[in-house]
Each structure stands twice: as C-alpha cells, then as structure tokens.
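Q: So that we are looking at the same thing, I have put the structure below in structure tokens.
Any read-out appearing in this document is the output of simple, stated calculations on the displayed coordinates, not a laboratory observation. Predicted model only: the values in this text are computed from it and were never measured. A quick note on method: Cβ atoms are made from the backbone with ideal geometry, for glycine too, and the neighbour counts reach across all protein chains shown.
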Amino acid sequence: MIKEIKSQAETKMKKSIESLEHVFARLRTGRANPSILEGVMVSYYGTDTPLTQIASIVVEDARTLSISPWEKNLIPQIEKAILKSDLGLNPTTSGTVIRLPMPPLTEETRRNLVKTAKGEAENARVAVRNLRRDANAEVKALLKDKQISEDEEKKALDEIQKLTDKYVAEVDKTLAGKEKDLMSV
C-alpha cells in the first residue's frame with residue numbers, strides 16, 4: 001500500500017516537472033527555438049490546428065525561424081495566427097517561406113520573463129507540495145484504519161518528504177537554468 005502511494009506521488013511529481021519544462025520552453029529567449037510556436041493555432045479549413053501540424057519549422061540561424069507550410073495557401077492564415085499569438089514576433093514572407101526574426105530582448109523584457117519563470121516555478125513547487133499533502137493524507141488514513149503501524153507511518157511520511165525535497169530541488173535547478181538562459185545576452 002505504502003509503495004503504491006509513494007510511486008503514485010513520484011509519478012505525479014515528475015509530471016509537474018515536465019509541465020514546468022514545457023512552460024519554460026515556450027518562454028521566449030533571444031535565440032530561435034521552434035518550441036516557441038507550440039501554442040500557435042492556425043485556422044485550417046475552419047478548424048484551429050497547431051502550427052506544428054501544418055508546417056515545417058526550422059531554425060535558420062541563431063535568431064531566425066523558417067516556416068514552410070505544407071499548403072502554400074495557408075501563408076496568410078499562419079502570418080495572422082503568429083501576429084495574434086502575443087509572442088511579439090513579426091513574420092516576413094518571401095515566396096513560400098515565412099521567416100520569423102527574433103528581436104533581441106531588452107533588459108526590462110528579460111527581467112519580466114524571469115519574473116514569469118519564477119511564478120511558474122512557484123506554481124510547480126506548490127503542485128509538488130500538494131501532492132505531498134495528498135500522499136501524507138493517504139498514509140494517515142491507512143494508520144487510522146489500522147492497516148499500518150505508527151512506525152510504518154513515520155517511515156512513509158519521511159520517505160514522502162524526501163521525495164518532495166528532491167522534486168522541489170529539481171524545480172529550483174530548472175528555474176536556475178532558465179534564468180541563466182534568459183539573462184544571457
């Protein structure tokens with residue numbers, strides 16, 4: 001029983017870290033990265049479709065993304081979707097290719113992005129702590145139902161705390177990497 005509770009908590013904590021990394025991938029740095037466009041939805045025959053499913057996105061150079069749609073008539077819709085996406089990017093079209101130059105980030109923008117990253121990291125920490133609380137409640141319920149002894153409960157709570165500490169440290173490590181990435185010019 002205790003092993004199941006711990007493994008479930010650990011699995012969910014890993015998912016919290018993966019979610020944080022996914023959010024961080026969408027935060028724009030000064031460099032070109034196709035993951036920035038993951039949330040961009042394009043109207044494709046009346047249906048909102050992710051840009052990544054209707055075009056090939058390639059890093060042309062350190063500060064430019066190149067988008068080649070599978071269907072050439074989608075170019076205007078893709079441009080419109082990028083402009084509406086609130087990423088602060090201005091697409092330029094040359095024939096059948098859309099180029100997205102990444103403007104250099106100002107110091108103020110970098111600081112705001114770091115604040116956003118810190119907020120997302122705090123959300124991940126809270127999620128991990130909530131998972132700890134839920135796992136602890138399950139262990140205490142086992143004790144209350146007399147399915148485990150007090151010693152087993154204490155040991156399980158300690159192990160769950162160690163798991164929590166491990167994943168909170170992982171969040172901090174991920175945040176430090178993203179902060180460094182954002183602040184490097």
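Q: Efficiency by 1/(1 + (r/R0)^6): what FRET value for Gln147 and Gln8, r their Cβ-Cβ distance, R0 = 22 Å, to the nearest 0.05?
A: 0.85
Q: Post the alpha-carbon centroid distance, region 72-116 to region 147-166, in whole angstrom.
A: 48 Å
Q: I've got another one for you. What do you get for chymotrypsin sites (Phe, Trp or Tyr not before Pro) in region 44-76 restricted to DSSP loop and a cutoff of at most 14 other Cβ within 10 Å of the site's Cβ?
A: Tyr45, Trp70
Q: Related question: Among Ser7, Leu27, Tyr45, which residue has its Cα positioned farthest towards the positive end of the charge dipole of the chain, with +1 placed on the Cβ of Lys and Arg, -1 on the Cβ of Asp and Glu, and the dipole taken about the Cα centre?
A: After comparing all options, I get Leu27.
Q: Still on this structure: Mean residue ellipticity at 222 nm from the helices of the chain, using -39,500 (n - 2.57) per DSSP H segment of n ≥ 4 over the full residue count, to the nearest 500 deg cm²/dmol?
A: -21000 deg cm²/dmol
Q: First obtain the Kirkwood hydrodynamic radius of the chain from its Cα pairs, then insert it into the Stokes-Einstein equation at 10 °C and 1.306 mPa s, and state the resulting D in µm² per second as a whole number.
A: This corresponds to a translational diffusion coefficient of 83 µm²/s.
Q: Putting +1 on Lys and Arg Cβ atoms and -1 on Asp and Glu Cβ atoms, find which of Asn123, Leu105, Thr64 reaches farthest to the positive end of the dipole of the chain.
A: Looking along the dipole axis, the top candidate is Leu105.
Q: Please give the contour-minus-distance gain from Lys155 to Thr93: 0.36 nm per residue of separation, less the Cα-Cα distance, rounded to one decimal in nm.
A: Working it through step by step, the gained length comes to 16.1 nm.
Q: Quick one: 3J(HN,Hα) in Hz for region 97-108, Karplus 6.51/-1.76/1.60 with θ = phi - 60°, rounded, Gly and Pro as x.
A: Once rounded to whole Hz, the list reads 10, 9, 9, 10, x, 8, x, x, 7, 7, 4, 5.
Q: Further, regarding this structure: Round to the nearest 10 and give me the degree value, 0 to 90, for the angle of helix 75-84's Cα axis relative to the longest principal axis of the chain.
A: It is inclined by approximately 50 degrees.
Q: With contacts defined as alpha carbon pairs under 8 Å and 6 or more residues apart, what's the relative contact order of the chain in percent?
A: Over the chain, the number comes to 25 percent.
Q: May I pose another question? Angle, helix 150-183 long axis vs. longest principal axis of the chain, Cα atoms, 0 to 90°, nearest 10?
A: Taking the Cα atoms of the chain, the angle to 150-183 is about 20 degrees.
Q: Next up: Full-extension gain between Thr109 and Asp86, please, as 0.36 nm times their residue separation minus the C-alpha to C-alpha distance.
A: Between Thr109 and Asp86, full extension yields an extra 6.9 nm.
Q: Step through the table entries Lys6/Lys115; Lys84/Lys118; Lys15/Lys155; Lys6/Lys146; Lys15/Lys162, compare each Cα-Cα distance with 28 Å, and write down the pairs that go over it.
A: Over 28 Å apart, Cα to Cα: Lys6/Lys115.
Q: Using a Gaussian network model on the chain with a 10 Å cutoff between Cα atoms, which of Lys84, Lys146, Lys14 fluctuates the most?
A: Fluctuation is largest for Lys146.
Q: Can you check how the C-alpha radius of gyration of region 34-101 compares to 2.2 N^0.38 Å, as a plain ratio?
A: Relative to the 2.2 N^0.38 Å estimate, region 34-101 comes out at 0.98.
Q: If you don't mind, there's one more thing I want to ask. Does region 66-129 come out rounded, prolate or oblate, given a ≥ b ≥ c as the square roots of the eigenvalues of its C-alpha gyration tensor, rounded meaning a/c under 1.5 and, failing that, prolate meaning a/b above b/c?
A: Taking the square roots of the gyration eigenvalues as a ≥ b ≥ c, region 66-129 is prolate.
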